[in-house]
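Each remark here refers to the structure printed beneath this line.
The values are calculated or read from the model by the stated rules, or taken from the named source; none is laboratory data. Quick caveat: nothing in here was measured; it's all calculated off a predicted structure. Please note: Cβ atoms are built from the backbone with ideal geometry, for glycine as well, and neighbour counts cover all protein chains shown. Please note that ligands, DNA and RNA were not included when accessible areas were found on the heavy atoms of the full protein model with its side chains. Shrake-Rupley method; radii C 1.70, N 1.55, O 1.52, S 1.80 Å.
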Amino acid sequence: MEFLLVLAVIIVICKILGVSNEMIVAGGLVLIELTIIAMMLLFAYCCVRMIFTKRKKARFTRIDRVKSGRYKVAFYIVDDVEYPCIFPSEVILNDKMYRTDREYHVLFSKSMKKVFDIYTVITCITGFIASAAAVFMTMQVVAFMELF
């Protein structure tokens, strides 16, 4: 909500200073493009981090908040030590996806002291593909618009 208020204040200040509507829209589109690029870089970083992890057997223990975190994450026991997952847990179907009676294969990052479970791996790969496609498509639209 604060973001929308800040955005409205910025737009009002731009109008007071005489900035044209086209420039305000162009600025908004640039911000959207930078957000998409940031998403792509985040997913690329996670995919690279996954390359340097080790596959381990783990047991799911619980879903809870990390001490310094705002979101609930899944916790797994790897080599008798409990580690959190790097991404937040799924909001729906927790009882179907995370079961304590199963043994899971996770990717364990010793330096980060976090795990990548199967849902995180799927999220990282599909997120990178989708955001890279979005960056490519928006760049094509920009190149097409320069023709006119």
Simple SL model, points at 7 angstrom along Cα→Cβ for ARG70 and ARG99; separation in nm is 3.4
For the chain, whose charge dipole is built from +1 on Lys and Arg Cβ atoms and -1 on Asp and Glu Cβ atoms, the candidate among ALA132, VAL73, GLY27 with its Cα farthest towards the positive end is VAL73
Across ILE13, ILE129, ILE77, the residue with the highest GNM fluctuation in the chain (Cα network, 10 Å cutoff) is ILE13
In a Gaussian network model of the chain with springs linking alpha carbons closer than 10 Å, the residue among LYS72, LYS57, LYS15 that fluctuates most is LYS15
For the range 124-137, Karplus-derived ³J(HN,Hα) couplings (6.51, -1.76, 1.60; θ = phi - 60°; whole Hz; x for glycine and proline) come out as 5, 5, 5, x, 5, 4, 5, 6, 5, 5, 5, 4, 4, 5
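Where the only charges are on Cβ atoms (+1 Lys, Arg; -1 Asp, Glu), what is the dipole of the range 1-135 about its Cα centre, to the nearest 20 debye?
I would put it at about 580 debye.
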Under the 7 Å Cα-to-Cβ spin-label approximation, ARG55 and THR138 lie apart by a distance in nanometres of 3.5
The chain, Gaussian network, Cα under 10 Å: of LEU34, LEU42, LEU17, the residue fluctuating most is LEU17
The lysines whose Cα lies under 30 Å from the Cα of LYS110, excluding any fewer than 8 residues away in the same chain, are LYS54, LYS56, LYS57, LYS67, LYS72, LYS96
Once amide hydrogens are built 1.01 Å from N within the peptide plane, the residues lying 5 or more places from VAL73 or on another chain with amide H under 5 Å from its amide H are ASP64, ARG65, VAL66, SER89
The range 80-126: spread of alpha-carbon positions along the three principal axes, whole Å, largest first, is 30, 28, 16
For the chain, the longest principal axis of the Cα atoms and the Cα long axis of helix 21-51 enclose an angle in degrees, to the nearest 10, of 20
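Report the calculated FRET efficiency for ALA44 and MET23 (r = Cβ-Cβ distance, R0 = 30 Å), to the nearest 0.05.
About 0.45, to the nearest 0.05.
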Per the helix-only model, the chain has a calculated mean residue ellipticity at 222 nm (DSSP H runs of ≥4, -39500 (n - 2.57) each, divided over all residues, rounded to the nearest 500) of -18500 deg cm²/dmol
In vacuo Debye sum over C-alpha of the chain, base-10 log of normalised intensity I(q)/I(0) at q = 0.12, 0.14, 0.17, 0.21 Å⁻¹, listed in q order, is -0.68, -0.81, -0.98, -1.25
Between the Cα axis of helix 2-16 and the main Cα principal axis of the chain, the angle (0 to 90°, nearest 10) is 10
Expressed per residue, the solvent accessible area of the chain in Å² (1.4 Å probe) is about 73
Using alpha carbon centers only, the range 24-44 is separated from the range 85-148 by a whole-angstrom value of 18
